[in-house]
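Next up is a structure, given as structure tokens.
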């Protein structure tokens, strides 16, 4: 089933079509460009938005119509810091649907926050595809996960050999489809890592254009 919020990620000016599978009628559209809102109809065929305008004037017919009068229609929101799918594949169907996010208009979530993201990213993504999840997702591998794999819960300073081992684990996770690396430097044993160690280890993601997301060491003022 096509999620109309997800399809709005593809909102573009497109030529009129005679018929659409789904027509979202009468909503106030905020297209994400920063421009003024518009009260227009949005037509979807397959998985693409093919019409934006006045459907009645353009004589658009639709297999299904959603009356969005008084509602806002927008591209789906992105939540950059979640634990939505921690524990896959051992999540029940309700958790996999991620309904709480969808009901807020969130259609994409970034998972693996706080340095606890998986090392076996390919397995997690494969399970997400096989079982089905309610939102799009980007997966972060975890700085904490790689440090624990290499050093356990040690508070010692990482040796050059250990740093190289952690870099290799991160590089492998990136090749398997990780979006980047998350850390939780507020939490042990990640808190034992110096800033220099974190920088050195994160270089394992550099060739793959990975992003870095962190729970900083201290959030006090």
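If residue 218 satisfies all but one of (1) out of contact with any helix residue (DSSP H, G or I) (no Cβ under 9 Å at 6 or more places or on another chain); (2) assigned to a helix (DSSP H, G or I), what's the number of the condition it fails?
Going through the list (1) out of contact with any helix residue (DSSP H, G or I) (no Cβ under 9 Å at 6 or more places or on another chain); (2) assigned to a helix (DSSP H, G or I), residue 218 breaks only (2).
Rundown of residues vs (1) within 25 Å of residue 38 (Cα to Cα); (2) modelled with pLDDT under 95; (3) not assigned by TED's automatic domain parsing to the domain that holds residue 124, yes/no style:
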position	(1), (2), (3)
67	yes, no, yes
82	no, yes, no
85	no, yes, no
91	no, yes, no
94	no, yes, no
100	no, yes, no
104	yes, yes, no
108	yes, no, no
111	no, yes, no
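Please find, within segment 177-208, the residue that is surrounded by the fewest Cβ atoms within 10 Å (Cβ to Cβ) out of those that are under 16 Å from the mean Cα position of the chain (by Cα) and part of a loop (DSSP other than H, G, I, E, B).
Filtering first and then ranking leaves 177.
Shifting gears a bit: State yes or no: is residue 82 free of Cβ contacts under 8 Å to residues at least 60 places away in the same chain, assigned to a loop (DSSP other than H, G, I, E, B) and closer than 24 Å to residue 215 by Cα? Even if it seems obvious, please write down each step before you answer.
Details: free of Cβ contacts under 8 Å to residues at least 60 places away in the same chain: yes; assigned to a loop (DSSP other than H, G, I, E, B): yes; closer than 24 Å to residue 215 by Cα: yes.
Yes: the conditions hold for residue 82.
Taking the stated definitions as given, is residue 161 over 22 Å from residue 139 (Cα atoms) and assigned to a helix (DSSP H, G or I)?
yes
Look at residue 144 and say whether it is assigned by TED's automatic domain parsing to the domain that holds residue 198, closer than 19 Å to residue 195 by Cα and in a helix (DSSP H, G or I).
Yes.
The values are calculated or read from the model by the stated rules, or taken from the named source; none is laboratory data. Everything quoted here is computed from the prediction, not taken from an experiment. No Cβ is skipped: glycine too gets one built from the backbone with ideal geometry, and neighbour counts run over all protein chains shown.
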